[in-house]
Amino acid sequence: MHEVSIMAEAVRMAVEAAQAAGAQRIISLRLRIGKLSGAVPEALEFAWDVVRNGTIAENARLEIESVAAICWCATCQSEFDCQDFLNECPRCHNLSGDLRRGRELDIAAVELE
Amino acid sequence: MCKECGCGLGGGDVKIGGHSHEHDQHHGHGHDHGHSHSHAPAPFKLDLNRSLMEKNNLLAEHNRGFFRAKKLLVLNVVSSPGSGKTTFIRETAVKLAGKLRVGVIVGDLATDNDAARLKTAGIPVIQITTGTVCHLDADMVSKAAAQLDLDKVDVLVIENVGNLVCPADYDLGEDLRVVLLSTTEGEDKPLKYPPMFHSAQVAIVTKSDLAAAAGFNRELALANLKRVSHHAEIFELSSKTGEGMKAWLDFLVKQRTLSQQRTAGPI
Ligand SMILES: Nc1nc2c(ncn2[C@@H]2O[C@H](COP(=O)(O)OP(=O)(O)OP(=O)(O)O)[C@@H](O)[C@H]2O)c(=O)[nH]1
Ligand SMILES: [Mg+2]
Ligand SMILES: [Zn+2]
């Protein structure tokens with residue numbers, strides 16, 4: 001259930017940004033969530049319904065952008081798609097644990113008015 | 001609950017050492033716009049591109065700087081419920097007595113049973129009950145640490161809430177993350193919970209005394225551990241019989257020496 005804490009933090013940051021910009025209302029909130037971040041999009045959506053209540057994000061739309069995991073092979077000096085934390089390079093078959101993308105837990109943007 | 005931004009959720013019912021802590025209410029929102037608010041509300045997009053873990057990560061770095069200045073070695077012990085964290089920490093403290101002084105911060109959803117068990121080892125213990133929150137965060141640890149006399153502690157052990165998912169994302173400011181895998185819970189745990197096992201610097205196979213009875217496949221478990229926690233130091237031990245504890249204790253003493261030689265990092 002740490003999705004609740006993560007979502008609460010997203011709403012907190014969105015509201016903070018809205019207030020700093022002098023906006024009255026949050027129209028949408030866009031998150032960027034890596035495939036290997038440990039956060040489950042469905043659980044985030046569930047948490048969203050709870051945490052936005054009573055805030056200026058109450059009627060906002062939630063968009064979750066999923067980020068595929070990408071590993072870096074030092075031998076080939078190139079990236080490859082991966083599913084895990086330790087992966088075999090499809091070119092040289094060396095193992096790499098150098099994850100370049102896929103762990104994101106970010107708030108990307110908000111739409112305000 | 002902070003009405004302004006709904007941030008109180010998840011923080012409201014945390015108790016540290018028996019005292020309730022209100023969730024921080026003030027966030028220092030900047031309000032200097034230098035213009036009036038009469039403009040019509042036209043929708044606009046604002047790129048933020050900020051990590052949702054930013055606040056926790058910042059507090060964790062504060063903790064780390066503070067712990068280093070105090071010359072502490074700090075462990076964050078994580079596992080599934082019941083893998084043996086409390087028993088393991090208690091035995092570690094008992095066996096280090098006379099060499100290193102251990103202090104414990106222990107997190108559970110409810111009850112202070114674990115704190116009571118740890119206190120029987122004659123060590124300082126602060127219980128955090130998190131209520132509904134499934135992990136410890138850096139803020140809870142900093143408040144709990146303030147209640148311990150850290151000048152009388154060499155190794156600060158933080159027992160996290162029994163959970164292999166959520167604590168993985170929360171840096172507490174520890175030096176080492178220690179993940180436990182007991183012989184009674186299945187060899188494929190590292191494959192099922194890769195973020196947690198991947199983030200650990202130390203992996204401990206516990207309850208080795210029960211391995212035979214549980215039909216534990218040691219080779220498979222170690223292979224899975226090495227696959228996911230490929231950079232982690234691995235120990236196999238039993239907190240009950242003491243088998244394998246020596247290697248772990250020697251490792252801790254060495255790590256503590258290393259942490260003493262280190263200077264406080266920039267905060
Ligand atoms: N045989 C044996 N039993 C153990 C060992 N370590 C722990 N246990 C037992 O396992 C049970 C759970 O141990 P705890 O130390 O409470 O586990 P925990 O991880 O702290 O549990 P939570 O805090 O609830 O997540 C207890 O009955 C312990 O006595 C061990 O090495 N061998
Ligand atoms: Mg325990
Ligand atoms: Zn390669």
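Which members of segment A:61-77 meet the condition of being away from chain B (no Cβ under 14 Å) and surrounded by 13 or more Cβ atoms within 10 Å (Cβ to Cβ)?
Of everything in segment A:61-77, those that are away from chain B (no Cβ under 14 Å) and surrounded by 13 or more Cβ atoms within 10 Å (Cβ to Cβ) turn out to be A:SER66, A:ILE70, A:TRP72, A:CYS73, A:CYS76.
Of these, A:ALA109, A:ALA23, A:ALA10, which one is part of a loop (DSSP other than H, G, I, E, B), closer than 20 Å to B:ASN49 by Cβ and among the small types (Gly, Ala, Ser)?
None of the other options fit; the residue is A:ALA23.
What is the residue count in segment A:85-107 for residues that are within 7 Å of another protein chain (Cβ to nearest Cβ) and crowded, with 18+ Cβ neighbours inside 10 Å?
5
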**Fill in**
Here the residues within segment B:146-184 that are assigned to a loop (DSSP other than H, G, I, E, B), of a type in the set (Ser, Thr, Tyr) and in contact with a strand residue (DSSP E or B) (Cβ under 8 Å, 6 or more places away or on another chain) are B:THR183
**Asked** Of the residues in segment B:49-87, how many are open to solvent by less than 40 Å² (accessible area, probe 1.4 Å), assigned to a loop (DSSP other than H, G, I, E, B) and within 16 Å of ligand 2 (Cβ to nearest atom)?
**Response** 4
**Message:** Among the residues of segment A:19-43, what is the count of those that are of a type in the set (A, V, I, L, M), facing another protein chain (nearest Cβ under 8 Å) and buried (at least 17 other Cβ atoms within 10 Å of the Cβ)?
**Reply:** 5
**Request:** Give the residue that is farthest from A:LEU105 (Cα to Cα), with candidates limited to residues of segment A:44-60 that are within 10 Å of another protein chain (Cβ to nearest Cβ) and open to solvent by 30 Å² or more (accessible area, probe 1.4 Å).
**Result:** A:GLY54
**Message:** Step by step: first the residues of segment A:74-103, then only those that are in a loop (DSSP other than H, G, I, E, B) and of a type in the set (Lys, Arg), then the one that is farthest from ligand 3 (Cβ to nearest atom). Which residue is that?
**Reply:** A:ARG103
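The values are calculated or read from the model by the stated rules, or taken from the named source; none is laboratory data. Just so it is clear, the structure is predicted and the values come from calculations on it, not from any experiment. Methodologically, a virtual Cβ is constructed for each residue, glycine included, from the backbone with ideal geometry; neighbour enumeration extends over all protein chains shown. To get the accessible areas, we keep the full protein, side chains included, count just its heavy atoms, and leave off ligands, DNA and RNA. Shrake-Rupley method; radii C 1.70, N 1.55, O 1.52, S 1.80 Å.
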